[in-house]
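So the structure is just underneath, and the comments pick up after that.
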Amino acid sequence: GAVVSQHPSRVICKSGTSVKIECRSLDFQATTMFWYRQFPKKSLMLMATSNEGSKATYEQGVEKDKFLINHASLTLSTLTVTSAHPEDSSFYICSARRQGANIQYFGAGTRLSVL
Amino acid sequence: TQLLEQSPQFLSIQEGENLTVYCNSSSVFSSLQWYRQEPGEGPVLLVTVVTGGEVKKLKRLTFQFGDARKDSSLHITAAQPGDTGLYLCAGVGNQGGKLIFGQGTELSVKP
């Protein structure tokens, strides 16, 4: 099956620091990865689409300088939350779309808590 | 803008009861997916429906895709506490293959 690994699963940081979240497709190549944010008991909100070798496409209202996305290889995308503040605390989930397919496989998510 | 309206958003039932979750849109989707998510975990794909009128079964779960590919439903027969979770429908949009998610249905099955 298609496996997507997301790391770390949980991170607690101080306000003002930056946090990097990794998303890896373990057994397939993913030209496109997606980053979502989810609030408690709510649906997923797409933040950005990450394409290998090019700049990410951000959804309206998402600050690209705040949420830096890098997709340097066909199996790895990273999301860096820069100068994190308590309002950035949330559950962040990545997904990867297999080349040539229209199905997204999701990581297990990262719980970010900013103190 | 493509939207998916999912209902109900909250459902609390007793073990053994049946339930149906609906996902509706005014837009046509090339395919529609159903996910189940547990707290602190990512969504897990249950099924993908592609053909209008398609019906798929996964044990006690029955998924239907509307003839016009604008709506879908998830029916659970004889719900069990292990079915508790957040159920999400998602359609493949017409903008770069982005998934359009419904609002989610928080299901609680009490023993």
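The values are calculated or read from the model by the stated rules, or taken from the named source; none is laboratory data. Just so we're clear, the structure is a prediction, and the values are computed from it rather than from any experiment. For neighbour counting, all protein chains shown are included, and Cβ atoms are generated from backbone atoms with ideal geometry for every residue, glycine included. Side chains included, ligands, DNA and RNA excluded: accessible areas come from the protein's heavy atoms. Shrake-Rupley method; radii C 1.70, N 1.55, O 1.52, S 1.80 Å.
Some points to look at:
- Across region B:55-74, the number of residues qualifying as assigned to a loop (DSSP other than H, G, I, E, B) and open to solvent by 40 Å² or more (accessible area, probe 1.4 Å) comes to 6.
- Flag for A:SER113 being on the phi > 0 side of the Ramachandran plot, in contact (Cβ under 8 Å) with a residue 60 or more places away in the chain and away from chain B (no Cβ under 11 Å): no
- Scan region A:27-38 for residues that are away from chain B (no Cβ under 14 Å) and without any contact (Cβ under 8 Å) to a residue 60 or more places away in the chain and the total you get is 1.
- Odd one out for B:LEU88, checked against (1) open to solvent by 10 Å² or more (accessible area, probe 1.4 Å); (2) within 23 Å of B:THR1 (Cβ to Cβ): (1)
- Members of region B:6-34 that are surrounded by 13 or more Cβ atoms within 10 Å (Cβ to Cβ) and either among the β-branched types (Val, Ile, Thr) or outside any strand (DSSP E or B) (or both): B:PRO8, B:GLN9, B:ILE13, B:GLU15, B:GLU17, B:THR20, B:VAL21, B:SER25, B:SER27, B:VAL28, B:PHE29, B:SER31
- A:ASP65 meets all of the listed conditions (1) in contact with an Asp or Glu (Cβ under 6 Å, 6 or more places away or on another chain); (2) open to solvent by 10 Å² or more (accessible area, probe 1.4 Å) but one, namely (1).
- Qualifying residue in region B:35-44 (condition: farther than 21 Å from A:TRP35 by Cα and not in a loop (DSSP other than H, G, I, E, B)): no
- The listed residues are B:GLY102, B:GLY40, B:GLY93, B:GLY82, and the only one of them that is within 11 Å of chain A (Cβ to nearest Cβ), surrounded by fewer than 17 Cβ atoms within 10 Å (Cβ to Cβ) and within 29 Å of A:GLN6 (Cα to Cα) turns out to be B:GLY40.
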